[in-house]
Amino acid sequence: MIKLANHIHFMSEKLLKKDALDYHSSGRKGKIEVIPTKPYSSQRDLSLAYSPGVAEPCLSINKDIDNVYKYTAKGNLVAVISNGTAVLGLGDIGPEASKPVMEGKGLLFKIFADIDVFDIEVNETNVEKFIATVKAISPTFGGINLEDIKAPDAFVIEERLKEELDIPIMHDDQHGTAIISSAALINALEIAKKKIGKVKIVVSGAGASAQSCVKLYISLGAKKENIFMFDSKGLLHESRKNSLDENKRLFMQKGSNPSLQEAFKKADVFLGLSKGGIVNQQMIKSMSKNPIVFALANPNPEIEYDIALKTRDDVIMATGRSDHPNQVNNVLGFPYIFRGALDVRATKINEEMKLAAVKAIALLAKEPVPDVVNEAYDAKSISFGRTQIIPKPLDPRLIYWVAPAVAKAAIESGVARIPIKDWEKYELELMDRLGLNNKLIRNLTEKAKRNPKKVVFAEADHYKILKAAEMALEEGIAIPILLGTRQKIQKIINDYSLDLSDCEIIDPRNESELKHREGFAEILHEKRKRRGLTFYEAKKLMRERNYFAAAMVETGMADVMISGLTRSYKDSIRPALRVIGVEDGLNKIAGMYILISKDGPMFFADTTVNINPTVEEIVDITLLVAKTVKQYKIIPKIALLSYSNFGSNEGEDAIKMREATKILHDKHPGLIVDGEVQANFAVNKELINDFFPFSVLSGKSANTLIFPNLSSGNIAYKLVKEMSQQEAIGPILLGMKKPVHVLQIGSSVREILNMITLGVVDVQNRK
């Protein structure tokens with residue numbers, strides 16, 4: 001694991017540059033698009049959408065300007081606005097160069113809070129003109145997120161816009177880190193048994209973010225005289241008064257003028273928002289008991305997490321990195337703050353709303369963590385303590401904890417224009433916005449990273465496989481083992497400048513692998529000797545990569561096998577069936593696809609293996625799929641599909657699914673399953689409730705679809721995938737004794753990476 005981590009760190013910067021450019025340029029350029037929300041297929045639709053029908057909402061808004069929220073997208077539309085003067089750590093690189101960041105912020109708004117975004121890059125550095133520009137376009141938006149604007153301009157711009165506009169305004173660079181670190185500070189102080197009004201706080205960095213953090217700490221009770229803030233020239237001290245701007249003067253100290261190292265003596269809290277490596281072990285040692293260290297510089301913290309914990313076993317530590325506990329990540333805050341502000345149509349984001357977000361985030365960290373979060377982080381039980389002072393970014397509860405808290409604060413402080421009366425209903429609406437399960441891939445990826453496994457690739461002489469292996473290695477998901485001719489593999493690696501130098505390359509045909517081939521052949525011969533397979537034939541088969549890879553998994557040399565990119569499904573799966581076999585008690589395996597929709601994942605089966613399963617096999621397939629879906633911490637709601645609804649038509653497939661349903665009801669009463677049912681009724685909870693209220697699925701949307709035969713299953717998932725452009729994961733092979741996963745011919749690099757992730761999680765779930 002140490003070797004893997006070191007390699008990841010070494011290769012990440014190199015890979016990031018190329019892969020980031022490829023990510024942004026491949027397919028449709030950029031990261032966001034505009035999608036119509038109303039029908040547009042007929043002439044009537046178009047006449048309603050535009051001329052002449054559009055005149056009616058225009059006239060209505062003219063009579064009552066608040067109707068703009070009723071008839072347009074304004075109420076769920078945020079502008080992410082920048083002039084590119086302080087982009088990430090890159091500095092003043094201009095508005096065009098800032099656009100990828102603004103698009104990225106838009107993506108985060110959408111996936112975490114279902115807020116639509118237009119990114120606006122303004123070519124203007126004059127503060128007054130910039131303010132005038134934003135004011136001029138503000139009627140378009142329900143809220144404005146200022147981003148990557150240099151200090152002190154950012155302070156002036158935000159304050160002026162808050163005064164002169166009546167929609168929520170927030171400069172996230174200032175307030176985002178302040179809100180999240182404040183939540184972390186509240187809980188860290190509780191664990192350290194210290195009072196905020198008495199602690200000594202040392203701050204490295206005096207930019208917009210650091211200043212906002214300190215202001216919020218003071219709002220929580222910290223004393224200004226106990227806060228020592230340093231910029232690149234030293235302590236903000238009264239002796240420097242004439243050289244400091246008016247914002248920095250607010251934090252000046254009087255009296256002694258210590259260095260950063262001297263200030264650490266007996267300090268209780270360190271907040272780092274400066275640069276990596278400026279804090280050493282001696283400085284940490286000089287801090288008081290139970291020191292709180294927030295080293296938030298990215299990508300390298302002021303002091304490395306491992307070094308800090310090695311120096312003091314009583315340290316309570318947070319960083320900005322995802323590979324350590326207590327990640328101070330702005331995504332814990334801004335999507336949900338704007339969500340709450342928009343939903344009550346707040347005229348501003350005030351201190352009360354920010355403090356409400358702080359307290360909600362802090363309280364959530366103390367709550368029992370749901371299984372889906374534990375699974376994502378490969379932990380048995382995450383609980384409040386030194387490594388859980390703030391929630392994990394992937395915690396699905398954030399939206400219905402933080403947004404309502406912000407909305408309530410807006411109402412109570414008098415800045416909300418519409419009240420929320422039914423808070424339970426509101427929380428349910430928030431859950432429904434994202435389906436909550438749409439984070440499946442992110443959760444599984446996080447889980448895989450916590451305990452990467454050895455993945456053997458039977459087709460490593462192909463660029464797509466090697467690229468996916470490189471990405472899996474770089475993300476820390478897997479430890480690749482590459483099968484094939486060394487020279488050919490190495491040539492592809494060199495031609496495409498792939499970083500796979502630490503990966504093992506094995507040529508099953510090479511004489512150096514003779515001992516392995518013979519050992520593997522003995523295993524295969526023992527299993528197949530009564531099926532006509534001779535030892536000689538077994539040895540010959542072990543020269544083939546699919547047989548060799550399966551044998552590596554069978555013997556523990558690898559944890560999971562990936563194949564199928566260039567060979568037929570049956571040719572790829574047959575070696576695994578012969579060498580590894582199916583789970584005890586099963587006669588059949590099955591193939592499942594996951595399609596990721598806005599409302600969460602949909603599971604399709606059987607899509608790849610069984611041509612025309614019997615009633616009993618349909619039952620087995622259903623149970624296999626249900627077991628797997630439960631492993632993803634999702635409750636399977638299963639529909640057995642046909643052209644018939646509960647006996648409305650006869651026919652072989654209808655009767656088969658009807659009988660399978662009866663067996664499942666009789667023998668597995670706790671399973672949410674029904675059939676036979678048509679697909680439209682299965683996925684539309686209102687429709688099935690209206691026509692078949694007696695059904696187990698009534699009022700529910702099925703998330704797991706079982707098909708009567710291979711043709712219908714395969715056609716269905718491919719049509720849905722292509723027509724809706726949904727992301728697909730699969731085929732996931734169910735029922736194998738050990739993890740084996742077979743790709744579809746021509747799978748993309750991303751699909752292969754998803755399969756690697758699923759394969760690693762499959763191994764983890766079997767332990």
Exercise. Do we find that residue 452 is buried (at least 21 other Cβ atoms within 10 Å of the Cβ), free of Cβ contacts under 8 Å to residues at least 60 places away in the same chain and out of contact with any His (no Cβ under 7 Å at 6 or more places or on another chain) in this structure?
Worked result: no
Problem set entry | Breaking point among (1) within 19 Å of residue 628 (Cβ to Cβ); (2) in a helix (DSSP H, G or I), for residue 744 | (2)
Exercise. Which residues, counting only those in the stretch 271-282, are in contact with a helix residue (DSSP H, G or I) (Cβ under 7 Å, 6 or more places away or on another chain) and either of a type in the set (Lys, Arg) or within 13 Å of residue 204 (Cα to Cα) (or both)?
Worked result: 271, 273
Seminar exercise, completed: Counted residues in the stretch 693-727 being among the hydrophobic types (A, V, I, L, M, F, W, C) and in contact with a Phe, Trp or Tyr (Cβ under 6 Å, 6 or more places away or on another chain) come to 1
For this session: Tell me which of these residue 310 doesn't satisfy, since it passes every other one: (1) part of a loop (DSSP other than H, G, I, E, B); (2) surrounded by fewer than 18 Cβ atoms within 10 Å (Cβ to Cβ); (3) of a type outside the set (Val, Ile, Thr).
Result: (1)
Problem set entry | Filter result for the condition that a residue is touching a strand residue (DSSP E or B) at 6+ places or on another chain (Cβ under 6 Å), farther than 25 Å from residue 163 by Cβ and not assigned by TED's automatic domain parsing to the domain that holds residue 276, over 99, 63, 110 | 99
Exercise. For the stretch 15-117, list the helices (runs of 4 or more DSSP H) that sit wholly inside it and hold at least 1 residues that are under 26 Å from the mean Cα position of the chain (by Cα); which are they?
Worked result: 95-113
Seminar exercise, completed: If we keep only residues of the stretch 458-513 that are among the small types (Gly, Ala, Ser) and crowded, with 19+ Cβ neighbours inside 10 Å, then the residue farthest from residue 564 (Cα to Cα) is 476
For this session: Say whether the condition of being within 33 Å of the chain's Cα centre (by Cα), assigned to a strand (DSSP E or B), of a type outside the set (Ser, Thr, Tyr) and crowded, with 24+ Cβ neighbours inside 10 Å is met by at least one residue in the stretch 203-221.
Result: yes
For this session: Select, from 79, 49, the only residue that is in contact (Cβ under 8 Å) with a residue 40 or more places away in the chain and of a type in the set (Gly, Ala, Ser).
Result: 79
Exercise. Which one is surrounded by the fewest Cβ atoms within 10 Å (Cβ to Cβ) among residues in the stretch 145-166 that are touching a Leu at 6+ places or on another chain (Cβ under 9 Å) and in contact (Cβ under 8 Å) with a residue 60 or more places away in the chain?
Worked result: 146
For this session: Could you tell me whether residue 565 is part of a loop (DSSP other than H, G, I, E, B) and either in contact (Cβ under 8 Å) with a residue 12 or more places away in the chain or farther than 20 Å from residue 762 by Cα (or both)?
Result: yes
Exercise. Pick from the stretch 636-657 the residues that are free of Cβ contacts under 8 Å to residues at least 40 places away in the same chain and touching a helix residue (DSSP H, G or I) at 6+ places or on another chain (Cβ under 9 Å): which of them is surrounded by the fewest Cβ atoms within 10 Å (Cβ to Cβ)?
Worked result: 647
Seminar exercise, completed: Being under 22 Å from residue 146 (Cβ atoms), in a helix (DSSP H, G or I) and at pLDDT 95 or above narrows 189, 161 down to just 161
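The values are calculated or read from the model by the stated rules, or taken from the named source; none is laboratory data. All figures in this text were calculated on a predicted structure; none of them were measured in a lab. Don't worry about glycine lacking a Cβ; one is built from the backbone with ideal geometry, like all the others, and counts go over all protein chains shown.
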